[in-house]
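Colleague: Dropping a structure here in structure tokens format, bear with me for questions.
The values are calculated or read from the model by the stated rules, or taken from the named source; none is laboratory data. On a predicted model such as this, the values are computed, not experimentally measured, just so you know. When we count neighbours, we look across all protein chains shown, and the Cβ atoms used for this are built from the backbone with ideal geometry, even at glycine. Surface accessibility is based on the protein's heavy atoms, side chains included, excluding ligands, DNA and RNA. Shrake-Rupley method; radii C 1.70, N 1.55, O 1.52, S 1.80 Å.
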Amino acid sequence: MTVGRMENVEVFTSEGKGRGLKATKEFWASDVIFAERAYSAVVFDSLVNFVCHTCFKRQEKLHRCGQCKFAHYCDRTCQKDAWLNHKNECSAIKRYGKVPNENIRLAARIMWRVEREGTGLTEGCLVAVDDLQNHVEHFGEEEQKELRVDMDTFLQYWPPQSQQFSMQYISHIFGVISCNGFTLSDQRGLQAVGVGIFPNLGLVNHDCWPNCTVIFNNGKIELRALGKISEGEELTVSYIDFLNVSEERKKQLKKQYYFDCTCEHCQKKLKDDLFLGVKDDPKPSQEVVKEMIQFSKDTLEKIDRARSEGLYHEVVKLCRECLQKQEPVFADTNLYTLRMLSTVSEVLSYLQAFEEASYYARRMVDGYMKLYHPNNAQLGMAVMRAGLTNWHAGNIEVGHGMICKAYAILLVTHGPSHPITKDLEAMRVQTEMELRMFRQNEFMYHKMREAALSNQPMQVMAEPSNEPAPALFHKKQ
């Protein structure tokens with residue numbers, strides 16, 4: 001295997017994990033270790049008409065490719081930049097007569113690039129696409145079936161005049177997409193909009209308590225340090241959300257990425273006691289705890305059904321009842337309590353019942369702070385939403401405090417130039433000004449706030465969705 005060179009990092013053999021990346025110099029929190037453009041990337045099937053196929057920004061009005069009527073772009077610049085990657089796709093779609101799914105579109109784009117540039121290392125890549133892991137041999141029955149269907153469709157879609165690849169190579173590329181596909185988010189980082197292959201990122205191993213995070217910003221991914229990293233230390237990211245007991249995280253990683261996690265947090269079951277936390281005084285019996293876990297699981301299923309039907313008042317009712325029953329049994333760091341608090345605060349905010357939502361959001365943040373890494377991106381986003389909810393509820397001191405806390409986290413995880421960090425900075429300035437006014441004259445502050453809110457439409461929270469926050473890697477659950 002040929003290994004490319006890159007400043008700041010080098011490929012090495014990581015004990016028990018195969019290849020990995022390590023730092024060749026010291027890094028500090030918020031440092032960008034490397035940035036990488038996608039080798040190939042596509043927009044999700046469900047969003048092809050709403051997201052630019054070049055820069056992945058969501059736009060109200062997009063220009064459509066006049067030839068295939070499928071690809072959409074912000075403007076002529078994005079369309080021109082896309083032509084090298086879209087040219088083959090454009091004629092293939094016209095010949096095939098329809099648009100294949102995102103996996104097939106991505107596989108074809110990768111193979112057209114291999115056809116253009118060869119299978120070796122491309123500039124700035126530490127590893128060739130050929131050398132990325134595919135794990136096809138670990139696929140279960142269902143995955144094997146999906147792979148066969150995708151390959152059949154691919155063969156019909158792939159133009160006869162293009163380079164013909166072996167079945168083994170085609171299956172390798174689909175395997176690479178399955179376990180190395182990285183989720184691309186929109187410009188504000190709030191919605192997953194596409195999937196791409198980033199070969200260098202594919203070399204970064206998993207740790208449930210990692211020293212790096214990955215963010216998609218302005219057309220490329222950035223690997224950012226979460227704290228001090230010494231020269232020679234392995235670089236790690238978390239492939240999944242930390243918020244689960246070690247046993248469940250291990251199961252998820254085995255199922256989705258085919259490896260056994262041996263990180264310190266899994267081996268020592270760190271924080272599991274908090275995830276399963278129960279009240280101390282009086283301590284509930286094991287029987288009561290077991291019953292409450294079952295009741296919580298049943299309620300979560302009912303909530304999912306109600307959410308999918310848009311019955312938000314029903315969701316709130318279910319959450320309130322469950323939280324009331326959990327109160328004497330579970331601690332505030334308990335996973336089931338946190339899931340209820342997260343859901344009820346989000347849905348109440350959407351329904352503009354900010355006062356009640358702010359109470360639940362504060363409790364949720366208190367729990368999260370005891371569980372997540374202090375510079376975790378998901379923690380930052382949750383604290384930001386809780387800060388906004390409290391601001392809407394008129395709790396200016398709490399709201400401002402949370403917005404400042406979220407801003408400090410996002411400066412590390414997203415960096416100062418990311419649109420969401422810029423939004424947060426503007427909110428921080430505004431809430432600081434309001435807080436000064438509030439402290440000088442509380443009565444006048446409330447009067448002015450009422451006037452301001454009645455003159456301009458309230459900034460409404462996005463409609464709650466059943467979709468989880470964008471995961472790091474794009475993987476069918």
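Colleague: Give, to the nearest whole percent, the P(r) tail of segment 273-434 beyond 24 angstrom, counting all Cα pairs.
Modeller: The proportion of pairs with Cα distances above 24 Å equals 40 percent.
Colleague: Please tell me which of these pairs span more than 19 angstrom C-alpha to C-alpha: 98/145; 94/145; 279/325; 25/228; 251/271; 17/228?
Modeller: Too far apart for the 19 Å limit: 98/145; 94/145; 17/228.
Colleague: Hey, another quick one. Ignoring ligands, DNA and RNA, please state the percent of accessible area on segment 253-294 from carbon and sulfur, probe 1.4 Å.
Modeller: Exposed carbon and sulfur together represent 54 percent of the surface.
Colleague: Could you work out the relative contact order of the chain, using alpha carbon pairs under 8 angstrom and six or more residues apart, expressed as a whole percent?
Modeller: Value for the chain: 16 percent.
Colleague: A further question on this structure: Express in % the proportion of alpha carbon pairs of segment 1-88 at distances exceeding 18 Å.
Modeller: Tail of the P(r) past 18 Å holds 59 percent of the pairs.
Colleague: Also, quick follow-up: So what are the three principal axis dimensions of segment 46-117 from its Cα atoms, in whole Å, longest to shortest?
Modeller: Principal extents (largest minus smallest coordinate, Cα): 33, 25, 21 Å.
Colleague: Students often get this wrong: which residues of segment 19-56 have the backbone nitrogen under 17 Å from the point 7 angstrom along Cα-to-C-beta of residue 7?
Modeller: From segment 19-56, the list is 23-28, 31-37.
Colleague: Residue 274: net charge of surrounding residues, Cβ under 15 Å, Lys/Arg +1, Asp/Glu -1, itself excluded?
Modeller: Taking every other residue near residue 274 into account, the sum is +1.
Colleague: How big is the shadow of the Cα convex hull of segment 42-182, averaged over all directions, in nm²?
Modeller: Hull-based average projected area comes out at 9.0 nm².
Colleague: Trypsin sites (Lys or Arg not before Pro), restricted to segment 55-144: which are DSSP loop and have at most 13 other Cβ atoms within 10 Å?
Modeller: For trypsin sites (Lys or Arg not before Pro) across segment 55-144 that sit outside H, G, I, E and B with at most 13 neighbouring Cβ atoms in 10 Å, the list reads 61, 69, 98.
Colleague: Continuing with the same structure: For segment 131-272, would you read off the P(r) tail past 24 Å as a percentage of all alpha carbon pairs?
Modeller: 44 percent
Colleague: Rg/Rh for segment 164-212: what does it come to with C-alpha atoms and Rh from Kirkwood?
Modeller: Using Cα coordinates only, the ratio equals 1.08.
Colleague: A further question on this structure: GluC sites (Glu not before Pro) within segment 223-281: which are DSSP loop residues with at most 16 other Cβ atoms inside 10 Å?
Modeller: Those satisfying the criteria are 231, 233.
Colleague: Per the Kirkwood treatment, what hydrodynamic radius in Å, one decimal, follows for segment 104-213 from the mean inverse distance over all distinct Cα pairs?
Modeller: Result for segment 104-213 stands at 15.4 Å.
Colleague: Let me ask something else. Calculate I(q)/I(0) for segment 106-171 by the Debye formula, one identical point scatterer on each C-alpha and no solvent, and give its log10 at q = 0.19 Å⁻¹ to two decimals.
Modeller: Listed by q, the Debye log ratios stand at -0.85.
Colleague: Taking the alpha-carbon centroid of each part, what is the distance from segment 107-133 to segment 1-65 in angstrom?
Modeller: One Cα centre to the other: 14 Å.
Colleague: Return the label of the correct value of volume of the Cα convex hull per residue in Å³, as calculated from the structure shown, out of (i) 127; (ii) 172; (iii) 145.
Modeller: (ii)
Colleague: Just want to confirm a number: the relative contact order over segment 42-182, from Cα pairs under 8 angstrom separated by 6+ residues, in percent.
Modeller: Over segment 42-182, the number comes to 21 percent.
Colleague: Something else now. Taking every DSSP beta bridge with both residues inside the chain, roughly what % is antiparallel (nearest 5)?
Modeller: Percentage antiparallel, nearest 5: 95.
Colleague: Additional query: Once label points are set 7 Å from the Cα along Cα→Cβ at both residue 94 and residue 80, what is their separation, rounded to one decimal in nm?
Modeller: That separation, rounded to one decimal, is 2.2 nm.
Colleague: Something else about it: So what's the back-of-envelope 222 nm ellipticity for the chain, counting only DSSP H runs of four-plus at -39500 (n - 2.57) apiece and dividing by all residues, rounded to 500?
Modeller: Rounded to the nearest 500, it is -16000 deg cm²/dmol.
Colleague: For residue 61, which lysines qualify as cross-link partners when the Cα separation must be under 21 Å and same-chain residues fewer than eight apart are set aside?
Modeller: 69, 80
Colleague: Cα centroids of segment 225-275 and segment 160-224: how far apart, whole angstrom?
Modeller: A separation of 20 Å, based on Cα centres.
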